[in-house]
Every structure is written in C-alpha cells, then in structure tokens.
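One structure below.
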Amino acid sequence: LQKSLNETFGADKYSEARKEVLTNMFSRPMQMALYFCTGILEDETLFRHYALNVPFYTHFTSPIRRYADIIVHRLLSASLGASSPIKMEKEAIQRQADHCNDRKMASKRVQELSADLFFAIFVRVR
C-alpha cells in the first residue's frame, strides 16, 4: 500500500500531506486491540492475533507508559514464576481492562477529531 501511495502521489509539495491523509483513512477501519482478562473469557479463540496468525497473544509496552501495561507485566511475571501472584480477583482485572479500553477509545476518538479538524482547516486554506 505504501509503495502504491508513493508511486501515485509523486513528489510535489503536497504529496506527503495527501499520502498521510490517505494512510490515516485506510488505517481507521482496522479493529483496535482490546485488553481483557483471560480468566473471564472461556473461548480461547478470542486470544488469537489475526494478523500475526498466532493462537495466544499478549501485548504490552514499557510499563512506564500505561497502567494496563503495568498490570500485564505483573501478571506475566507472576505466571512465569518470577514474582508472587498479584492480589486481584479476575473480575477486578477485567474492570481495569474495561476502564483502560474506554480511555483508549476516548483518546483515539479525540485524536481522530483533531486530525479531521486539521484536515478541514488545511483544505479551507488551500
């Protein structure tokens, strides 16, 4: 896709902006990843990562970035026997996951609205 965009838009002064707008529009329909507690879900097919084609998947970044990543690090560490189990019931973990998902979706929505506003101003000025 990126190669096609590069070939199509050439190298004029607005080509990079057009490519960014289209790349953003193409990526919006992709389903966002959701945090969930595996102890709540019985259907293990929901643990699958479609794009990577792996049956079990967990995702985390540096635990200094997001609270959800701190929880994932702690749970992973405990499951590997590197630390003691955390003292949270699975329902409490799921409530935390739901809250993190809600905040992530709200943040994404604000980001999209900001991009839409910038694009509208860009189009109006041009």
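The values are calculated or read from the model by the stated rules, or taken from the named source; none is laboratory data. Everything quoted here is computed from the prediction, not taken from an experiment. Positions of Cβ are backbone-derived with ideal geometry, glycine not excepted, and every protein chain shown enters the neighbour counts. Side chains included, ligands, DNA and RNA excluded: accessible areas come from the protein's heavy atoms. Shrake-Rupley method; radii C 1.70, N 1.55, O 1.52, S 1.80 Å.
Listed values, structure above:
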item: Residue list for region 42-71, restricted to those being β-branched (Val, Ile, Thr) and part of a loop (DSSP other than H, G, I, E, B); result: 58, 61, 64
item: Sole residue being touching a strand residue (DSSP E or B) at 6+ places or on another chain (Cβ under 9 Å), among the small types (Gly, Ala, Ser) and part of a loop (DSSP other than H, G, I, E, B), chosen from 33, 82; result: 33
item: Odd one out for residue 125, checked against (1) open to solvent by 70 Å² or more (accessible area, probe 1.4 Å); (2) free of Cβ contacts under 8 Å to residues at least 12 places away in the same chain; (3) over 29 Å from residue 4 (Cβ atoms); result: (3)
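Matching residues to (1) among the β-branched types (Val, Ile, Thr); (2) open to solvent by 100 Å² or more (accessible area, probe 1.4 Å):
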{"site": "40", "(1), (2)": "yes, no"}
{"site": "48", "(1), (2)": "no, yes"}
{"site": "51", "(1), (2)": "no, no"}
{"site": "59", "(1), (2)": "no, no"}
{"site": "101", "(1), (2)": "no, no"}
{"site": "113", "(1), (2)": "no, no"}
